[in-house]
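Colleague: The structure follows.
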C-alpha cells in the first residue's frame, strides 16, 4: 500500500532540529491561534506511520483526527485523485457539473442506513455539512429551534460553535452565537449519577422532558447528535438513548440528524455508528474519513427532506471538488476491498484487551470505551470519586510523543486519551503503540 517502511524509528529528539527550524518559520508567519498537537513537520505518511522531516517515523494513533482511515497515501485514493487532477481541477458543480460528484452521491445513497430514497449535497468541511443540515431541516419543517447535547462537538463556524458544548478552545471569546439552539443531557454512562445501567432510559426521559417543556416539540426543526461523541470524550450514549430520541423526533415531525463526521466510514466497525442500535437518521452528515485526506463533506438524507430547499439554496464554490470526489471514490473502494469494518473490529479487540489489562494495574484508567478504531480511556485522580485528571492525560500524551507514538487527547474535562489509528495499521505497530502507552503509565 505504501513505500514507507512500517516500523517506528526515533533518530533525533522529538521534535528534531529540522522540525524546530520549520517551527521557527511557522511562528513568524502562521497565526498563533492555529495550534498543533505535536510540532513535528511531516515529510510523508502512509499505513500506520507518519515520517517527519528529520527521518523519525512515528506510529500514528491519530489519523489526522479520524481522516486518513485508509492511510495517508492509499493507492486507490492517489490513483483516482491523480487521474482527476490531470483532467481538470475545478469547474464548480453549480456552473458545469461532472460525474464524480454524482458518483459520490450514489455511493452515499447506497452506504448510509435505511432503504428509503436518498439525496446528497457535497461541501468542504464537517462544520459546513452540519450548517447545511440545519438549513435543510429548517426549510423542510418551517421551524427554527435546534436541539443538541451535552459534550457534543459540531464545528468552529458561528452556528456550529453555538451547537458545540465545550467553551475552551472552541468558543471562548468568539460570541455572540447563533440563537435558537438548545442543549439537553446525554446518556454519559460513566458519569451518570444513578449508574450506567440507568443512563439510557433516564437521560432520554430528561432530554425529552426538557425539549417538550422548555422549547416545545412543535418548534424544533432538528435534533443533532453524534452517535459516538467525538471531541466530548468518545462517549457512547448508553443503550436505548439514541433509539428513544430518534423515536421522539419521528413522532413530532422533527428532523433527526446523525453527525457521523468523526464516527463514520468504518471507524466504529460499521459503515456508520448509528447502525449499532438500528437507528435510521433522517439526515446524516459526513466528512473526515470520506475522502482519504482530501477536503470533502456531505449531507445525505431522505429525498423529500433534501428536496425541500429551493434551487440554488445549497452549494458553494468548492463544494464537491472533483479531485476530492475522486479521492472519496478511492477511499470507499479501499474500504470495501480491504473490509475495513472487520479491520476496525479487530483493532477494538486488540486495544480493549490490552487496555483492560493496564486498567487492572493503573487505577488512573477510570473508563475504557468506544467502538472499532475509535477507542478512549478516561483518566481520573481517584476511581471512587471519578475526579477528572487532565494533567495525567497531558503527561501520558507527552511521554508517548517522545517515544514516537502520536496520540491525541479530548474530552470536556481534558482528561481523555483517544486512539484513532488508521484502519490499515499493522497489528505489530498497533501492539507496539500499546507497549509505549503501558510504558508511559509506568513512568508517570
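No lab work stands behind these numbers, since they all come straight from the coordinates. All values reported here derive from a predicted model rather than from experimental measurement. All Cβ positions, glycine included, derive from the backbone under ideal geometry; neighbour counts span all protein chains shown.
Colleague: Check the stretch 357-366 and report whether any residue there is part of a strand (DSSP E or B), buried (at least 20 other Cβ atoms within 10 Å of the Cβ) and more than 23 Å from the chain's Cα centre (by Cα). If you could, list the steps in order and put the result at the bottom.
Modeller: Taking the stretch 357-366 and keeping what is part of a strand (DSSP E or B), we get 365-366.
Narrowing further to those that are buried (at least 20 other Cβ atoms within 10 Å of the Cβ): 365-366.
If we keep only those that are more than 23 Å from the chain's Cα centre (by Cα) as well, we get none.
There is no residue in the stretch 357-366 that is part of a strand (DSSP E or B), buried (at least 20 other Cβ atoms within 10 Å of the Cβ) and more than 23 Å from the chain's Cα centre (by Cα).
Colleague: Residues that are in contact (Cβ under 8 Å) with a residue 40 or more places away in the chain, at least 2 per element: which helices (runs of 4 or more DSSP H) completely within the stretch 157-272 meet that?
Modeller: Qualifying helices (runs of 4 or more DSSP H): 196-210, 241-251.
Colleague: Would you check which residues across the stretch 237-271 are buried (at least 24 other Cβ atoms within 10 Å of the Cβ) and under 14 Å from the mean Cα position of the chain (by Cα) and list them? I'd like the intermediate steps shown before the answer.
Modeller: Within the stretch 237-271, the subset buried (at least 24 other Cβ atoms within 10 Å of the Cβ) is 237, 241-242, 245, 254-268.
If the condition is that a residue be buried (at least 24 other Cβ atoms within 10 Å of the Cβ) and under 14 Å from the mean Cα position of the chain (by Cα), then 258, 259, 260, 261, 262, 263, 264, 265, 266, 267, 268 are the ones that fit.
Residue by residue, here is whether (1) touching a strand residue (DSSP E or B) at 6+ places or on another chain (Cβ under 8 Å); (2) more than 27 Å from residue 264 (Cα to Cα); (3) in a helix (DSSP H, G or I) holds:
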residue	(1), (2), (3)
43	yes, yes, no
51	yes, no, no
72	yes, no, no
82	no, no, yes
103	no, no, yes
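Colleague: Collect the residues in the stretch 369-391 that are surrounded by 20 or more Cβ atoms within 10 Å (Cβ to Cβ) and outside any strand (DSSP E or B), keeping them in residue-number order.
Modeller: 372, 373, 389
Colleague: Can you tell me which residue among 351, 335 is outside any strand (DSSP E or B) and farther than 27 Å from residue 115 by Cα? It would help to see each step written out before you state the result.
Modeller: Details: 335 fails: farther than 27 Å from residue 115 by Cα.
Within the list 351, 335, the selection yields 351.
Colleague: Go through the stretch 107-125 and give me each residue that's surrounded by 12 or more Cβ atoms within 10 Å (Cβ to Cβ) and part of a helix (DSSP H, G or I).
Modeller: Of everything in the stretch 107-125, those that are surrounded by 12 or more Cβ atoms within 10 Å (Cβ to Cβ) and part of a helix (DSSP H, G or I) turn out to be 107, 108, 109, 111.
Colleague: Taking the stretch 408-444 on its own, how many of its residues are over 20 Å from residue 4 (Cα atoms) and crowded, with 17+ Cβ neighbours inside 10 Å?
Modeller: Let us first name the residues in the stretch 408-444 that are over 20 Å from residue 4 (Cα atoms), namely 408-419, 434-444.
Those left that are additionally crowded, with 17+ Cβ neighbours inside 10 Å: 408-419, 434, 436-437, 440-441.
Of the residues in that region, 17 qualify.
Colleague: Right, residue 395: farther than 19 Å from residue 64 by Cα and either in a strand (DSSP E or B) or without any contact (Cβ under 8 Å) to a residue 24 or more places away in the chain (or both) or not? Give the steps one after another, and end with the answer.
Modeller: On the way: farther than 19 Å from residue 64 by Cα: yes; either in a strand (DSSP E or B) or without any contact (Cβ under 8 Å) to a residue 24 or more places away in the chain (or both): no.
The answer is no for residue 395.
Colleague: Are any of the residues in the stretch 415-437 at positive phi and outside any helix (DSSP H, G or I)?
Modeller: Just the residues of the stretch 415-437 that are at positive phi, to begin with: none.
Checking the stretch 415-437: not a single residue is at positive phi and outside any helix (DSSP H, G or I).
Colleague: Would you point out the residue of the stretch 34-48, among those that are closer than 20 Å to residue 426 by Cβ and touching a residue at least 24 places away in the same chain (Cβ under 8 Å), that is surrounded by the fewest Cβ atoms within 10 Å (Cβ to Cβ)?
Modeller: My answer is 44.
Colleague: Considering (1) within 28 Å of residue 216 (Cα to Cα); (2) in contact with a helix residue (DSSP H, G or I) (Cβ under 7 Å, 6 or more places away or on another chain); (3) not in a strand (DSSP E or B), say which one residue 148 fails and leave the rest.
Modeller: Every condition holds for residue 148 apart from (3).
Colleague: A follow-up question, please. If you scan the stretch 273-290, which residues turn out to be on the phi > 0 side of the Ramachandran plot and not in a loop (DSSP other than H, G, I, E, B)?
Modeller: Of everything in the stretch 273-290, just one residue is on the phi > 0 side of the Ramachandran plot and not in a loop (DSSP other than H, G, I, E, B), namely 288.
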